[in-house]
Amino acid sequence: MTARSFLSGLECRACCTTVEPDRLIGVCPTCGHTLLATYDLEGARAVLAPAGWTARPGGMWRYRELLPVRSADSVVTLGEPESPVLRLTLPDLAPDVDLWAKNDGALPTGAFKSREMSVALSRARELGARAVFLPSTGNAAVAAAAYGARARMEVRVYLTEDSAPELAATCRAFGAHVRTVRGTISDARAAALDQEPGRGSVELSTMREPYRLEGTKTMAFEVFDRFGADGLPDVIVYPTGGGLGLAGMFKAFTELRALGWIEAIPRLIAVQAAECAPLVRALRDGSPRAEAWPGPIEFLGGLTVPAPFASERVLEAVRWSGGAGVAVPSARIHATERLVARTTGIVSGFEGAATFAALPAILKEGLVRPGERVMLYLTGGGISVAIPRLAERAEAPGLPTRS
Ligand SMILES: [Zn+2]
């Protein structure tokens, strides 16, 4: 890796505080909101061309100029491939639409969380972190555990009790410390904040550190690489829990526009389960932020985020792109997951199935016009099959940590 990162700083959109980026930091020191990475895009434009990106070997680290990691030696990678893009023909579900899917199930930990954790752990390691922790409903924990193993960093995950047991087993197999917590991801975070002080660990919760978001930008960079400026999807349909991926894709498209490489940004449609839809409700109500969804809430995988942090960033991504929010009953999503497997050969997971299940409502509401190009972003079902032999041995002594 010879190219360098054009990371120039961190900024808070809520209070306009700017922060020097090359030290470990979580949220804005002034107001506690999310810090976003900024880049010297003028400098990047002088040395970069779209063809140069496309010509490099595949994978998310080919976008290193617009990723925050300074040194090639710091990169924690499991060899992330460019995730597959498939054309779909589903006349019953979406007639008259140029329909595509991008499937992040092909990434090393079976979900788009690989992108986030590759970047976040690379940057944490680069800035001197030895241990990280996060609350999770599952796939983020597995990714943190896997990339933590690769980085030889200590990882502690606080999993919601309703998460599939094989996810906890998989995290343990990667050497992570796992605690399961009754309740939602908010309760899991509360448990983490109770346990972690004094341990010298860095929090990797959604939107509470700057760099997971940077990893999700690579989803949009790959879409741009695949389709080019003239063929970008008109609409990207995205299954939304905390909304990090939506905010990241919007940031990436905004950076591409600032580079002068694209003009229009795809309209982003956030899909949530009707039983837990705080972001969709805020979009429909015109609220600047999402209020917490009242519980109790059935477990809906990665879509179970009743109180998304920094929802302002997600809502502005959807609104500024010209997009919208759509909620779908979870029973329909479950039924659609089986339909998707049978009719496409794709293991979409519950989250990905939500994008298919939302299509009738999206078309009925006129959010997509006939002939438009629509991409369903399948965030990945995760590693769904634990390896029992590994899980049994998960308590065995691990390799020595980096010294
Ligand atoms: Zn602030």
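The values are calculated or read from the model by the stated rules, or taken from the named source; none is laboratory data. It should be emphasised that the depicted structure is a prediction, and the values quoted were computed from it without experimental measurement. Because the Cβ atoms are built from the backbone with ideal geometry, glycine has one as well, and the counts that use them run over all protein chains shown.
Selection of first residues in segment 22-42 that are free of Cβ contacts under 8 Å to residues at least 60 places away in the same chain and within 16 Å of E203 (Cα to Cα) and of second residues that are basic (K, R) and within 12 Å of the ligand (Cβ to nearest atom), restricted to Cβ pairs under 6 Å at least 6 apart or on distinct chains, gives an empty result.
Going through (1) outside any loop (DSSP other than H, G, I, E, B); (2) surrounded by fewer than 24 Cβ atoms within 10 Å (Cβ to Cβ) one by one, A141 falls short only on (2).
Go through segment 46-61 and give me each residue that's over 28 Å from D98 (Cα atoms) and either of a type in the set (D, E) or surrounded by 18 or more Cβ atoms within 10 Å (Cβ to Cβ) (or both). Those that are over 28 Å from D98 (Cα atoms) and either of a type in the set (D, E) or surrounded by 18 or more Cβ atoms within 10 Å (Cβ to Cβ) (or both): L48, W61. Candidates are the residues of segment 1-22 that are part of a loop (DSSP other than H, G, I, E, B) and within 27 Å of G59 (Cα to Cα); the one that is farthest from the ligand (Cβ to nearest atom) is T2.
Taken over segment 182-227, the residue count meeting the criterion of being part of a loop (DSSP other than H, G, I, E, B), under 30 Å from A264 (Cβ atoms) and of a type outside the set (A, V, I, L, M) is 2.
Checking the stated criteria, C28 turns out not to satisfy the condition of being within 16 Å of the ligand (Cβ to nearest atom), surrounded by fewer than 16 Cβ atoms within 10 Å (Cβ to Cβ) and modelled with pLDDT of 95 or more.
The number of residues in segment 63-72 that are more than 16 Å from L41 (Cα to Cα) and assigned to a helix (DSSP H, G or I) comes to 1.
Kindly establish whether A358 is assigned to a helix (DSSP H, G or I), farther than 19 Å from S205 by Cβ and in contact with an Asp or Glu (Cβ under 6 Å, 6 or more places away or on another chain). In short, no.
When segment 73-86 is filtered for residues that are in a helix (DSSP H, G or I) and under 14 Å from A120 (Cα atoms), only S74 remains.
Residues checked against (1) over 22 Å from T336 (Cβ atoms); (2) surrounded by fewer than 24 Cβ atoms within 10 Å (Cβ to Cβ):
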position	(1), (2)
K217	yes, no
D225	yes, yes
A229	yes, yes
P233	no, yes
G243	no, no
E255	yes, yes
W261	yes, yes
L279	no, no
F299	no, yes
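Of all the residues in segment 31-60, those that are more than 15 Å from the ligand (Cβ to nearest atom), closer than 21 Å to E316 by Cβ and either part of a strand (DSSP E or B) or at pLDDT below 95 (or both) number 1.
Does T109 fit the bill of being within 16 Å of G148 (Cβ to Cβ) and crowded, with 24+ Cβ neighbours inside 10 Å? Taking the combined requirement at face value, the residue satisfies it.
For beta carbons closer than 8 Å, sequence separation of 6+ or different chains, a first residue in segment 6-18 that is closer than 13 Å to P68 by Cα and a second that is within 10 Å of the ligand (Cβ to nearest atom), the qualifying pairs are G9/T18; G9/V19; L10/T18; L10/V19; L10/L35. Filtering L66, L78, L93, L86 for residues that are modelled with pLDDT under 95 and touching a helix residue (DSSP H, G or I) at 6+ places or on another chain (Cβ under 8 Å) leaves a single hit, L93.
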